[in-house]
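Taken together, the values in this text are just the output of simple stated rules run on the coordinates, not laboratory data. Quantities reported herein were computed from a predicted structural model and do not represent experimental measurements. Every residue, glycine among them, receives a Cβ derived from its backbone with ideal geometry; neighbour counts consider all protein chains shown.
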Amino acid sequence: MSSTNSSDKVPVGVLGGGSFGSAIANLLAENQPVIMLTRSQDVADSINSTRINRGRTMHENVRATTDVQEVADQCKLIYPIIPSAGFRETIKTLAPFLTPEHILIHGTKGVDVRMADGEQLTAEFKLNPKKVNTMTEVIMQETIVRRVGCLAGPNLASEILEGQPAATVIASHFDEVIKIGQRTLRTPRFQVYGSHDLTGVEIAGVLKNVIALAAGALSGLGFGENAKALLISRGLVEMIHIGKHLGGDIVAVLGLAGVGDLIATCSSSKSRNFTVGYRLAKGETLTAILADMEEVAEGLNTLRISRAMANYLGIRVPLTETIYDVIFGEKTVEEGLDYLMKFPFYVDIDRSMFGGR
Amino acid sequence: MATKVHNSDGWLYDPILPDSDSWPIVKLTNHREEFLKELVELSIENIKESLGNNPANLKDELARTLYTERIRLTQTPWKADAPDEKEFWSQVKKDMVRINAGHENPNAFGHEDLIQRIVKRYAEEIAGVFDVKAYDFAKGFTTFMFARLLNASQDKGFSRFWGSRHNLHDKIHLIGEIDHVRALAEKGTVIIVPTHFSNLDSMLIGWAIQSIGLPPVLYGAGLNLFGIKIMAWFMNRLGAYKVDRRKKNTLYLETLKMYSELSLRKGCNGLFFPGGTRSRSGMLEKRVKLGLLGTALQAQRMNFIDDGEEAKKIFVIPVTINYNFVLEAQSLIDQHLKISGQEHYYVENDDFSTSSKMMRFIYKFFTASSEIAVRYGAPMDLFGNRVDEEGNSFDPHGNVVDIKKYFYSNGDITKDMQRDAEYTRMLGERIVKSFHAEAVAFCSQILAYAAFRIIKTRYNKMDLYGLMRLPSEDLVIKPKELMDVVDKVVTRLRQLNELGEIHVEKEILEGSLSSIIKKGLANLGIYHAKLPLMYNADGDFESQDIKILYFYHNRLEGYELHKFIR
């Protein structure tokens with residue numbers, strides 16, 4: 001990759017050294033210097049000396065560090081790209097160094113749940129959607145930063161790292177955030193769209209991971225395109241159903257962050273969520289699959305949350321329920337499929353969801 | 001309530017600025033001409049900017065202004081309109097025709113001149129004057145009136161109207177973060193944002209602001225109110241500025257916003273009712289109007305540009321005004337039901353349109369034996385952050401925040417209207433949240449809530465409009481049934497009070513179930529012709545007017561209490 005004359009530009013921060021974090025850091029590095037925060041000093045050292053992270057070459061403009069204050073002091077624009085499970089904690093450690101000048105654009109396709117002590121997301125648990133926060137809400141709760149955005153869309157990290165053409169959407173209430181996101185991320189092979197529907201885009205990105213799990217399972221069973229199309233279209237309906245209760249706008253589901261992302265993950269063995277489903281269908285156990293996966297599949301957490309929320313709301317989401325039963329052990333993949341094929345769906349699209357009759 | 005200490009004037013708190021010459025609002029009046037000149041200049045600058053600095057747009061907007069103003073003149077003329085309105089706009093029309101026909105050199109006598117004339121006229125109409133003597137008179141007068149009326153309420157009727165002294169502060173409880181607000185008013189500029197349920201609010205909040213020793217505030221008042229002679233006399237001298245909701249053209253709106261911004265920049269404390277009009281449903285404000293709130297953000301940005309580190313900060317003080325009853329409840333809830341029932345057209349019921357009606361209203365209000373709680377909520381900066389008594393802003397973890405940097409991009413303060421609009425929207429959300437946390441629940445509201453919910457559950461297949469048509473014989477509730485639900489509501493409210501998500505009156509915290517019901521019943525809608533809840537001949541509870549019951553029930557909406565009474 002050729003280096004632009006970017007050394008005099010203000011550096012941009014990336015929190016997280018996972019595969020997506022690395023992919024975003026490399027994209028950003030084409031336009032300006034990047035400071036990447038990793039958790040372990042060893043990883044940081046190895047990136048700085050070998051330019052290799054997770055088997056991929058890192059751009060020469062990327063410098064790794066474990067010093068959170070350094071990132072906050074040097075970078076007014078920071079991209080947190082970290083799993084939802086550790087998101088709140090990481091933001092808390094960053095919070096004391098943030099000023100109102102900072103802009104945060106996160107790329108985490110997960111939600112944060114505030115549970116009381118002893119509560120667990122079992123199949124019966126009723127989860128009030130009010131306890132579920134998007135990553136933007138976490139940032140707003142823990143920091144004084146107001147200019148927040150999110151990154152969503154079909155962004156398979158490995159393809160981006162290979163420099164293949166791709167696109168993303170940056171959603172924010174602030175034009176300023178969208179513009180700065182576009183300016184820092186856009187490259188000749190990476191298109192960046194903007195959206196004002198922050199919550200809608202975030203939720204679309206989160207919920208599609210559940211469908212990706214199922215897509216992997218169908219593929220593992222050896223089924224073809226009809227089955228996949230069935231899953232995607234029915235899956236979208238459930239995404240809308242659940243997403244509405246999380247305060248999302250339906251329209252975002254039609255965009256890059258919804259359908260776009262769904263098609264990419266449902267077709268790709270490179271997606272972690274897809275892989276989990278695929279290997280389950282091939283007969284492996286969840287424990288075995290998780291044991292040799294390097295990074296978390298956000299879909300598993302989202303699946304528990306969606307299921308528990310549907311319990312609370314008293315809504316029927318057969319696809320989500322079935323995927324839950326299959327993944328967490330009550331049904332085999334075949335039983336799950338059988339159940340869904342016999343489930344009495346009477347209408348394709350329930351127009352009341354869209355405000356019609 | 002705790003014993004109150006009064007200063008020698010009979011007020012609770014000493015004034016922050018005893019010398020009226022140092023009041024920003026007085027300074028503004030003393031330099032009125034200069035102020036108006038600056039106002040016109042800056043407004044025109046903003047008008048041009050909002051029209052993209054495009055002469056064609058400006059011309060279109062002028063034509064639109066002229067057109068809508070001429071319609072206003074014929075269709076909705078008000079007593080408060082200036083007597084020469086017609087002549088003024090006829091002249092504008094003639095000049096516009098001449099300019100557009102190109103008969104004259106547009107540079108000599110063109111659109112610029114027209115804008116100047118119109119904006120200047122608007123500015124002069126909007127800007128109020130302040131008169132210290134009138135202020136002192138009004139201050140004494142309202143206190144005197146309020147106090148006398150409350151005496152009458154104690155002794156039932158006019159016979160003892162001039163009788164024993166009774167203190168106003170025992171009836172109107174001023175509670176909350178008063179010392180905090182006073183401290184901030186000395187450090188910077190404060191904007192009071194109260195909830196709005198009753199026509200009495202304006203007068204009451206004015207009195208409540210004086211009571212805690214704050215210098216007078218600048219507030220907008222509907223131009224229609226200036227048609228009532230006594231109101232006009234007071235408001236014309238008390239720093240009210242005129243807001244005309246009929247005028248929706250850019251020239252007017254920008255001038256109005258600039259007036260608010262400029263006066264805040266000059267240090268005048270402000271008062272907005274962020275909900276706009278009174279809450280028709282009786283619910284706490286769910287969303288707020290952002291137009292005037294946004295001017296505070298502009299003022300804050302300009303303060304930083306002008307004065308750097310020395311810049312005065314602007315603080316927002318949410319205030320909840322809590323009543324046991326709202327005299328206009330009947331007409332408010334009727335309007336609410338009509339609007340939500342898709343009858344888009346409704347007539348603004350003018351229960352306040354003449355001086356005598358207003359006096360009767362105030363008399364009725366105070367002669368009813370009822371308490372009012374005015375609660376000053378936790379102050380915040382314009383970004384919704386917590387502030388301490390020194391005026392420092394804090395992040396959620398207690399670190400000090402330099403709010404100037406919210407206006408930064410690339411290390412400098414920049415003007416970004418879209419960004420400011422978003423900040424304002426977020427501030428609006430924080431204010432709504434604060435209203436819920438700072439509201440004070442009364443026994444009367446609990447009773448209304450419980451009774452309405454029982455009826456609603458009983459007819460769970462019926463929609464709201466069906467419920468509203470139920471005859472009173474269907475609105476009978478057994479004492480045991482009501483007591484059970486009240487018990488659950490009280491338990492939950494005590495929890496919420498503990499969590500800081502609402503405040504409750506002392507009786508709810510300490511009283512027994514029967515004393516809460518007793519107090520609630522004594523206070524619930526006592527001044528309405530038909531009672532929302534009463535004992536009937538059989539010793540059961542009965543509602544004579546479910547609409548009114550619904551109205552008072554609504555005040556406790558939004559706390560998810562219904563989940564705890566199943």
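What is the order of B:PHE137, A:PHE274, fewest Cβ neighbours within 10 Å to most?
B:PHE137, A:PHE274
Is it possible to state the helix-based mean residue ellipticity at 222 nm for chain B, with each DSSP H run of 4+ residues giving -39500 (n - 2.57), the sum divided by total residues, to the nearest 500 deg cm²/dmol? What is it?
-16000 deg cm²/dmol
What FRET efficiency do you get for A:LYS9 and B:ASN30 if R0 is 60 Å and r is their Cβ-Cβ distance, rounded to the nearest 0.05?
Efficiency at R0 = 60 Å is approximately 0.70.
Calculate the tail of P(r) for segment A:39-190: the fraction of all Cα-Cα distances greater than 21 Å, expressed in %.
I get 54 percent for the Cα pairs in segment A:39-190 exceeding 21 Å.
How much length would be gained if the chain were fully extended between B:LEU464 and B:THR68, taking 0.36 nm per residue of separation minus their Cα-Cα distance, in nm to one decimal?
Full extension of this stretch gives 138.7 nm more.
In debye to the nearest 20, how big a dipole does segment A:91-164 give about its Cα centre with +1 on each Lys and Arg Cβ and -1 on each Asp and Glu Cβ?
280 debye
Taking amide H atoms as placed 1.01 Å from N in the peptide plane, list the residues 5 or more away in sequence, or in a different chain, whose amide H sits under 5 Å from that of A:LYS331.
For A:LYS331, the qualifying residues are A:VAL326.
Which of A:MET293, A:GLY220, A:LEU319 sits closest to the plus end of the dipole of segment A:214-340, meaning its Cα is farthest towards the positive end, when Lys and Arg get +1 and Asp and Glu get -1 on the C-beta?
A:LEU319
When N counts the residues of the protein assembly as shown, how does its alpha-carbon radius of gyration compare numerically with 2.2 N^0.38 Å, as a ratio?
1.07
Taking 8 Å as the Cα distance limit and 6 or more residues as the minimum spacing, I'd like the relative contact order of segment A:213-290 as a percentage.
After rounding, I find 52 percent.
Amide H to amide H under 5 Å from A:TYR193: which residues, 5+ apart in sequence or cross-chain, H placed 1.01 Å off N in plane?
Hits under the 5 Å cutoff: A:THR168, A:VAL169, A:ILE170.
Which of B:GLU438, B:GLU177 has the fewest other C-beta atoms within 10 Å, and how do the rest follow up to the most?
Least crowded to most crowded, the residues run B:GLU177, B:GLU438.
Just to confirm the number: angle between the C-alpha axis of helix A:175-185 and the first principal axis of chain A, 0 to 90 degrees, nearest 10?
So the helix axis and the longest Cα principal axis differ by about 70 degrees.
I'd like the orientation of helix A:318-327 relative to chain A: the angle between its Cα long axis and the longest Cα principal axis, in ° from 0 to 90, rounded to 10.
So the inclination is approximately 70 degrees.
Between A:ASN48 and B:GLU310, what is the label-to-label distance in nm when each label sits 7 Å out along the Cα-to-Cβ direction?
Calculated label separation equals 4.5 nm.
Per the helix-only calculation at 222 nm, which mean residue ellipticity applies to chain A, given -39500 (n - 2.57) for every DSSP H run of n ≥ 4 and division by its residues, nearest 500 deg cm²/dmol?
-14000 deg cm²/dmol
I want to check the label-to-label distance for B:PHE394 and B:LYS530. Put each point 7 Å from Cα in the C-beta direction and report it in nm to one decimal.
In this crude label model, B:PHE394 to B:LYS530 measures out at 5.1 nm.
Using DSSP H assignments, which helices in chain B have an axial alpha-carbon span of 20 Å or above and a mean Kyte-Doolittle hydropathy of -0.5 or higher?
B:132-155, B:250-265, B:291-307, B:443-458, B:479-499
Which percent, nearest 5, of DSSP beta bridges in chain B are antiparallel?
The antiparallel fraction comes to roughly 45 percent.
Taking only the alpha carbons of segment A:206-319, what extent do you get along each of the three principal axes, in Å, biggest first?
Taking the Cα atoms of segment A:206-319, the three principal extents are 35, 29, 23 Å.
Would you mind pulling out the separation of the Cα centroids of segment A:58-131 and segment B:500-533, in Å?
45 Å
Compute the separation of the alpha-carbon centres of segment A:233-275 and segment B:390-429 and state it in Å as a whole number.
After rounding, the separation between the Cα centres reads 34 Å.
Provide the per-residue ³J(HN,Hα) series for segment A:230-242, in order, calculated from phi with Karplus coefficients 6.51, -1.76, 1.60 and θ = phi - 60°, each as a whole number of Hz, with x at glycine and proline positions.
My calculation for segment A:230-242 gives 4, 4, 4, 6, 5, x, 4, 4, 5, 4, 5, 4, 6 Hz in order.
Can you tell me the orientation of helix A:19-29 relative to chain A, as the angle in degrees between its alpha-carbon axis and the longest Cα principal axis, to the nearest 10?
Roughly 40 degrees between the two axes.
If you take every DSSP beta bridge whose two residues both sit in the protein assembly as shown, what share of them, in percent to the nearest 5, is antiparallel?
40 percent
At what distance in angstrom do the alpha carbon centres of segment B:253-326 and segment A:277-307 lie from each other?
Spelled out, the Cα-based centre of one part sits 51 Å from the other.
Compute from the Cα atoms of segment B:400-507 the Rg and the Dmax, the latter being the longest Cα-Cα distance, and quote both in angstrom.
Answer for segment B:400-507, Rg first and Dmax second: 22.4, 70 Å.
log₁₀ I(q)/I(0) of chain B at q = 0.07, 0.09 Å⁻¹, via Debye over equal Cα point scatterers, no solvent, to two decimals?
So the normalised log intensities work out to -0.46, -0.76.
Applying 1/(1 + (r/R0)^6) with R0 = 22 Å to the Cβ-Cβ distance of A:ARG39 and A:ASP117, what FRET efficiency is obtained, to the nearest 0.05?
Plugging the Cβ-Cβ distance into 1/(1 + (r/R0)^6) gives 0.25.
Using θ = phi - 60° and the Karplus relation 6.51 cos²θ - 1.76 cosθ + 1.60, list the HN-Hα couplings for segment B:269-278 in order, rounded to whole Hz, with x at every Gly or Pro.
5, x, 9, 10, 8, x, x, x, 8, 4
Please list, ordered by chain and number, the residues whose modelled amide H lies under 5 Å from the amide H of A:HIS106; skip anything fewer than 5 residues away on the same chain.
Distant-sequence amide H within range of A:HIS106: A:GLY149, A:CYS150, A:LEU151.
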